[in-house]
Amino acid sequence: KVIHNLFDYGHLPQVREILWEMMKTTITGNWHQQKPAERASLLSFYEKLEKLIEAAHIIHQQRSKS
């Protein structure tokens, strides 16, 4: 479900573009140059990515035990 939620948000090229935009914004510190809707979109994407990482961690733990 977590994977579907991420890719319902955007197809792979769009997800890559958002991830790159997030990285550039973080490194350059240009949060103030983005519109509120753009910042909200990046935060939403971050939350979806964080859930995907958490799900991957759970799967990894389960596989490590067996």
With the first residue restricted to the stretch 31-55 and required to be basic (Lys, Arg), and the second required to be open to solvent by 40 Å² or more (accessible area, probe 1.4 Å), Cβ contacts under 8 Å at 6 or more apart or on different chains are Arg39/Trp31; Lys48/Val2; Lys48/Asn5; Lys48/Tyr9; Lys51/Val2; Lys51/Asn5
Test Leu49 against the stated conditions and say whether it is part of a helix (DSSP H, G or I), open to solvent by less than 60 Å² (accessible area, probe 1.4 Å), within 22 Å of Ile59 (Cα to Cα) and not small (Gly, Ala, Ser).
yes
Taking the stretch 13-46 and keeping only residues that are exposed (fewer than 11 other Cβ atoms within 10 Å of the Cβ) and in contact with a helix residue (DSSP H, G or I) (Cβ under 9 Å, 6 or more places away or on another chain), one is left with Asn30, Gln33
How many of the residues making up the stretch 52-66 are open to solvent by 80 Å² or more (accessible area, probe 1.4 Å) and either outside any helix (DSSP H, G or I) or hydroxyl-bearing (Ser, Thr, Tyr) (or both)?
1
Being among the charged types (D, E, K, R), within 26 Å of Ile58 (Cβ to Cβ) and part of a helix (DSSP H, G or I) is the filter here; which residues of the stretch 1-46 pass it?
Asp8, Arg16
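The values are calculated or read from the model by the stated rules, or taken from the named source; none is laboratory data. Since this is a predicted model, take the numbers as computed values, not measurements. FYI the Cβ positions are ideal-geometry reconstructions off the backbone, even for glycines, and counts take in every protein chain you see. These area figures cover heavy atoms from the full protein model, side chains too; ligands, DNA and RNA do not enter into them. Shrake-Rupley method; radii C 1.70, N 1.55, O 1.52, S 1.80 Å.
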